[in-house]
Amino acid sequence: VQLQASGGGAVQAGGSLRLFCAASGRTLGVGAMGWFRQAPGKEREFVATITWSGGSTLYADSVKGRFTIARDNAKNTVWLQMNSLKPEDTAIYYCAAAPTSIPTVLLERYRYWGRGTLVTVSS
């Protein structure tokens, strides 16, 4: 499974961005897609996830109410709508895919990773 993330950029605090992740290859083995992020000097952390079947979602507390994850099964695409962005949202955002059909926040459950896309939020 190959994952291609896009949509990062620079915005001011309070602004919005939408990240996209397109999956290709043996996508039948994918049960859930997620977004993680890694800020400079920090560990990679969970942001949001969605299952392919049923569309169950989980969000990190830090983004609840501001970020929305959604999917288009026909296009094997997931996107992350990010609103009310804060400077602390600045990070490299990674798209990931897991074989499990149960939504999970655990980084080690995600088998496939895309290259990150940088999001910079200025105050």
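Structure notes:
- Pairs where the first residue, in segment 60-83, is assigned to a helix (DSSP H, G or I) and the second is open to solvent by less than 70 Å² (accessible area, probe 1.4 Å), C-beta under 8 Å, 6+ apart: Asn73/Trp52; Lys75/Ala22
- Each residue in segment 1-16 was checked for being assigned to a strand (DSSP E or B) and in contact with a Lys or Arg (Cβ under 9 Å, 6 or more places away or on another chain), and 3 of them qualify.
- Of all the criteria given as (1) open to solvent by less than 30 Å² (accessible area, probe 1.4 Å); (2) more than 12 Å from the chain's Cα centre (by Cα), the one not satisfied by Ala70 is (2).
- Test for Leu19: is it at pLDDT 95 or above and either of a type in the set (A, V, I, L, M) or in contact with a Lys or Arg (Cβ under 6 Å, 6 or more places away or on another chain) (or both): yes
- Qualifying positions in segment 73-98 - open to solvent by less than 10 Å² (accessible area, probe 1.4 Å) and aliphatic (A, V, I, L, M): Val78, Leu80, Met82, Leu85, Ala91, Ala96, Ala97, Ala98
- One residue from Ser6, Ser101 being open to solvent by less than 60 Å² (accessible area, probe 1.4 Å), touching a strand residue (DSSP E or B) at 6+ places or on another chain (Cβ under 7 Å) and in contact (Cβ under 8 Å) with a residue 40 or more places away in the chain: Ser6
- Among the conditions (1) under 21 Å from Arg18 (Cβ atoms); (2) buried (at least 16 other Cβ atoms within 10 Å of the Cβ), Gly65 misses just one, which is (2).
- Checked against the criterion of being farther than 12 Å from Val119 by Cα, modelled with pLDDT under 95 and open to solvent by less than 50 Å² (accessible area, probe 1.4 Å), the candidates Gly34, Gly29 yield just one match: Gly29.
The values are calculated or read from the model by the stated rules, or taken from the named source; none is laboratory data. Here the structure is a predicted model, which means the values were calculated and not measured. All Cβ positions, glycine included, derive from the backbone under ideal geometry; neighbour counts span all protein chains shown. Calculation scope for accessible area: heavy atoms of the full protein, side chains included, ligands and nucleic acids excluded. Shrake-Rupley method; radii C 1.70, N 1.55, O 1.52, S 1.80 Å.
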